[in-house]
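Bear in mind that the values in this text are calculations on the coordinates, not laboratory data. The structure displayed is predicted, hence computed values, not measured ones. Here Cβ is always computed from backbone atoms with ideal geometry, including for glycine, and neighbour counts include all displayed protein chains.
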Amino acid sequence: MNTVEEHEVIVIGAGFGGLYATYLLRNSGFDVIALERGSGVGGTWYWNRYPGARCDVESLQYSYSFDKELEQEWEWTERYAGQPEILEYAEHVANRFDLEPNIRFDTNVEQLDFSEDTSTWTVSTNGTTYRAPFVVAATGCLSTANRPEFEGVNDFEGAIYHTGKWPHEGVDFTGLRVAVIGTGSSAVQSIPVIAEQAAQLTVFQRTPNYSVPARNEPLEPQVQADVKADYENLRRAARSERSGILTTFPLNEDSAKEADEADFRSRMDERWEYGGFSFYRSYADIVVDPTSNERVADYVRDRIADVVDNSDVAGLLSPSNTIACKRPCLDTDYYETFNRDHVQLVDISTSGIERLTPQGVIAGGSQYDFDAIVFATGFDAMTGALLGMNITGRGGLGLEDAWEAGPRTYLGLGVPRFPNLFTVTGPGSPSVLTNMIVAIEQHVQWICACLRSMRSEGHHSIEATDAAADSWVDHVNTVADQTLYPSCNSWYLGSNIPGKTRVFMPLIGFPTYAEKCEEVAANGYSGFVLT
Ligand SMILES: Cc1cc2nc3c(=O)[nH]c(=O)nc-3n(C[C@H](O)[C@H](O)[C@H](O)COP(=O)(O)OP(=O)(O)OC[C@H]3O[C@@H](n4cnc5c(N)ncnc54)[C@H](O)[C@@H]3O)c2cc1C
């Protein structure tokens, strides 16, 4: 007989969002269970085990702030943590707070249906069916791999891997002829490492991406101790930054286009040598003024030309689009890798990949033979995991119909006609434009405070209004339109997925957003209907 397991709150996902939600809700006295399709915790860092996978936000910032002892006791070993270390950290958090008894692994949520009669969600999985009044979707912004359906994909006789679903036992490319399809962040991180092993590496590039050196290095114990001694202030300062990320350099208010050449060059050189995202904070107007943007883009193109020996290859690797309007990449020896004799770059900007064959790939009319192909083709970002759950709200409305014209949320936290469903870092919230752990903590704290308030006020249902969602979507777009972000085809706009509605999904600016969330809560959850 098909039994139904009942709880007060069901969290979906056991990445950093789901882990923290489970912890905080349980501590607030809710009967909570988390459902996770993977066999372990960690989310992104559980799935993305590709060679070179690493965080782009510095380790001391890419970590939870909610528990002072955890913050002090965990020791990071590198400036930017690699995937194994971040996964170990997630596992440590789960153990430290004894979260696993509240998590059901290997449990894929296949359907979510809201019953207006009982004001509960029925959550169908590959096993048990669950029921709860509240669902917190911590399903991740980058958790649904985009695997293009190239013609002949099943004909290829070698191995195919996706960076976002990497085999746990690892892959040994020694002596193999390897293809990497894609040149986004995961490709930029993995290409130099795969090139170390492979006998021959061919990179298929549709659009080049700007990448800045990460300058990863071992973390000096004194640096770590100094940060930990002042963690509270540093975390607070980070939360007042647009991206939730503190940079070493002071925030500059001046304009790139107005800087004189010597000053411009010395500032950019300093940031380039230092490494990391501070590069994009060198001038205040890089993502708003096209002339300033072009000047910074020229700088990166010059650096690519300096590094890459073959000028044709350097040209192909040099992007022409707006810098920073796609997710910026950080690398270790990415451009240098193209100087290696066994590494080849194939431009597929006009031809695309024509098809896969038993032996390899046909592109631009040429056949390339491989033993293994790596799809570094990214994710169906921000909406993929939510739409993948077949969610139906009031009146049987499907989420895919409600979002036909693009995701429509209020604060990236709630969706009209989908009562009692909260989204962690949902579309319309700062999410992927921030240090995501900062965004996750803020969301989870807000959701938990909302549920506590509902419990004490005797409310059983919360739903975003249409009017609030409409004006929020307008606001997200208005903010984006004041910048250069919408000016190129990025996954922020859904442009990497054929047929996906083109709309800018994340909200720019963490601090004002967090203030707005506070204001909404203080005003009795304005924009939501509570019953
Ligand atoms: C390669 C890579 C590098 C990144 N680097 C950075 C970085 O430098 N800085 C940064 O801030 N962020 C980075 N991110 C973003 C990263 O996703 C977040 O930082 C963070 O890990 C997200 O946590 P989460 O819990 O919200 O989502 P996730 O970690 O994606 O976890 C979501 C979980 O939900 C589960 N799930 C989804 N759907 C279902 C379902 N239907 N049923 C059951 N379970 C489901 C998934 O299996 C997954 O475990 C990176 C992402 C990737 C992919």
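Residue by residue, here is whether (1) under 25 Å from Ile353 (Cα atoms); (2) within 16 Å of the ligand (Cβ to nearest atom); (3) more than 23 Å from the chain's Cα centre (by Cα); (4) crowded, with 24+ Cβ neighbours inside 10 Å holds:
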{"residue": "Asn126", "(1), (2), (3), (4)": "no, yes, yes, no"}
{"residue": "Ala137", "(1), (2), (3), (4)": "no, yes, no, yes"}
{"residue": "Gly140", "(1), (2), (3), (4)": "no, yes, no, yes"}
{"residue": "Pro148", "(1), (2), (3), (4)": "yes, no, no, no"}
{"residue": "Pro192", "(1), (2), (3), (4)": "yes, yes, no, no"}
{"residue": "Leu201", "(1), (2), (3), (4)": "yes, no, yes, yes"}
{"residue": "Pro213", "(1), (2), (3), (4)": "no, yes, no, no"}
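Mind listing whichever residues of region 176-190 are under 21 Å from the mean Cα position of the chain (by Cα) and under 17 Å from Ala372 (Cβ atoms)?
So in region 176-190, the residues under 21 Å from the mean Cα position of the chain (by Cα) come out as 180-190.
Val180, Ile181, Gly182, Ser186, Ala187, Ser190 - these are the residues of region 176-190 that are under 21 Å from the mean Cα position of the chain (by Cα) and under 17 Å from Ala372 (Cβ atoms).
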Of the residues in region 168-215, those that are free of Cβ contacts under 8 Å to residues at least 40 places away in the same chain and hydroxyl-bearing (Ser, Thr, Tyr) come to Thr174
Cβ pairs under 6 Å, 6+ apart or interchain, first in region 78-92 and more than 9 Å from the ligand (Cβ to nearest atom), second part of a helix (DSSP H, G or I), ordered by first then second residue, are Leu87/Trp45
Of Leu387, Leu399, Leu433, Leu413, the only residue that is surrounded by fewer than 24 Cβ atoms within 10 Å (Cβ to Cβ) and closer than 19 Å to Val479 by Cβ is Leu433
In region 194-238, residues that are over 30 Å from Ala514 (Cβ atoms) and part of a helix (DSSP H, G or I) total 6
If you go through Val479, Val473, the only one that is closer than 30 Å to Cys55 by Cα and either of a type in the set (Ser, Thr, Tyr) or in contact (Cβ under 8 Å) with a residue 40 or more places away in the chain (or both) is Val473
Taking first residues from region 44-66 that are under 25 Å from Glu196 (Cα atoms) and second residues anywhere that are within 10 Å of the ligand (Cβ to nearest atom) and assigned to a strand (DSSP E or B), the pairs with Cβ under 6 Å that are 6 or more apart or on different chains are Asp56/Leu330
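How many residues, within region 21-50, are over 17 Å from the mean Cα position of the chain (by Cα) and more than 6 Å from the ligand (Cβ to nearest atom)? Before the answer, list the steps.
Filtering region 21-50 down to residues over 17 Å from the mean Cα position of the chain (by Cα) leaves 21-40.
Applying the additional criterion that residues be more than 6 Å from the ligand (Cβ to nearest atom) yields 21-34, 39-40.
Selection size over region 21-50: 16.
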(1) of a type outside the set (Gly, Ala, Ser); (2) within 20 Å of the chain's Cα centre (by Cα); (3) away from the ligand (no atom under 12 Å from the Cβ); (4) closer than 24 Å to Ser240 by Cβ all hold for Phe422 apart from (4)
Restricted to region 1-20 and to residues being of a type outside the set (S, T, N, Q) and more than 10 Å from the ligand (Cβ to nearest atom), the residue surrounded by the fewest Cβ atoms within 10 Å (Cβ to Cβ) is Met1
Margin query: So for region 510-527 (the condition being out of contact with any strand residue (DSSP E or B) (no Cβ under 8 Å at 6 or more places or on another chain), surrounded by 20 or more Cβ atoms within 10 Å (Cβ to Cβ) and of a type in the set (Val, Ile, Thr)), does at least one residue qualify?
Written below: no
